[in-house]
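A.B. asks: Have a look at this one before I ask anything.
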Amino acid sequence: MSIEIKRSVKPVEYNDAIRLLEKRLEKIINNQGKELIWFLEHKLIYTAGTSFNKSEVLDKSIKVIKTNRGGKITCHAPGQLVCYLVIDLNKRNKDIRKFIISLENSIINSLNEFKILSKSDRKNIGIWITQNNESKKIGAIGIKVKKWVAYHGFSLNINNDLNYFKKIIPCGLDNRKVARLKDLSNVKYSDFIKVLQENLIKNLSVLNYS
């Protein structure tokens, strides 16, 4: 399987990242490019998916960028790991559900390797942990599919400032809180990416979909 792995050291402008994703998307659709797994961070930005509702913005002074991914509103900021993917589901039985599960399992398995228990939720998509007897969201997933090529991806809170989330209702869930890896473990950012990359490659293997 030929998947390009890309890591950006400096924060990437959101619109620049989306343009790169869409270019790769078209190349893959036309059988002219490799699939992509891209790890990066963004500067502070609020993005809204296709099921976003304006009532989810609590601080009306913030700027919200609308995007074509699935999901509602979320926040990206330095210290948060963003993983963008462009993956050809034509090679994977055109199975969107299994693709989402593969992403969820990759995150869950990676957190588990650092002794952090987490789970997915079919009703509230994303990755959840229990902290101080509360269920909190540590990872958000938002995907778009065009001609059976999936793109966009997921974000995982590592050591970002969670106060930014107070300006919105994250993912439209007003009774749930967010969590970050820093408060659960002293794992290094780079070490976590290495483990996550290995799990993504394994779980996205075409052989796992046959």
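A.B. asks: If you build a Gaussian network model of the chain, linking Cα atoms that sit under 10 Å apart, which residue out of GLU41, GLU22, GLU56 swings the most?
C.D. replies: GLU22
A.B. asks: Moving on. Take the Cα gyration tensor of the chain, multiply each eigenvalue by 5, square-root it, and list the three semi-axes largest first, rounded to whole angstrom.
C.D. replies: On the way: eigenvalues 128, 82, 53 Å².
Those come to 25, 20, 16 Å.
A.B. asks: What is the spin-label model distance, in nm, from ASN132 to TRP148 if the labels are put 7 Å beyond Cα along the C-beta direction?
C.D. replies: According to this spin-label approximation, the distance is 4.8 nm.
A.B. asks: In percent, what relative contact order does the chain have, based on Cα pairs under 8 Å that are 6 or more apart in sequence?
C.D. replies: 23
A.B. asks: Apply 1/(1 + (r/R0)^6) to the Cβ-Cβ distance of ILE96 and LYS182, taking R0 = 22 Å, and write down the FRET efficiency to the nearest 0.05. Write down the numbers at each step before the final one.
C.D. replies: Values: r = 32 Å, r/R0 = 1.46.
Result of the calculation: an efficiency of 0.10.
A.B. asks: Just to confirm my numbers, what's the Cα centroid distance between the range 126-187 and the range 195-210 in Å?
C.D. replies: Here the two parts' Cα centres lie 22 Å apart.
A.B. asks: Something else now. Modelling each spin label as a point 7 Å along the Cα-to-Cβ direction, I'd like the ARG19/ASN159 distance in nm, to one decimal.
C.D. replies: Each label point lies 7 Å from its Cα, and together they span 3.1 nm.
A.B. asks: For the range 1-88, how big is Rg over Rh, using alpha carbon atoms and the Kirkwood form of Rh? Show your work: numbers first, answer last.
C.D. replies: Details: Rg = 14.4 Å, Rh = 14.2 Å.
Across the range 1-88, the Cα-based Rg/Rh ratio is 1.01.
A.B. asks: Once fully extended, how much extra length lies between LYS60 and VAL9, figured as 0.36 nm per residue of separation less the alpha-carbon to alpha-carbon distance?
C.D. replies: Values: separation 51, 0.36 × 51 = 18.36 nm, distance 3.16 nm.
Extra length available between LYS60 and VAL9 comes to 15.2 nm.
A.B. asks: In the range 56-86, what trypsin sites (Lys or Arg not before Pro) fall in a loop by DSSP, with at most 10 other Cβ atoms inside 10 Å? Walk me through the numbers before you get to the answer.
C.D. replies: Details: sites: LYS60, LYS63, LYS66, ARG69, LYS72; in loops: LYS60, LYS63, ARG69, LYS72.
For trypsin sites (Lys or Arg not before Pro) across the range 56-86 that sit outside H, G, I, E and B with at most 10 neighbouring Cβ atoms in 10 Å, the list reads LYS60, LYS63.
Each reported figure results from applying straightforward, stated rules to the coordinates on display, with no laboratory input. What you are looking at is a predicted structure, and each value in this text was computed from that prediction instead of being measured. Note: ideal-geometry Cβ built from the backbone for every residue, glycine included; neighbour counts use all protein chains shown.
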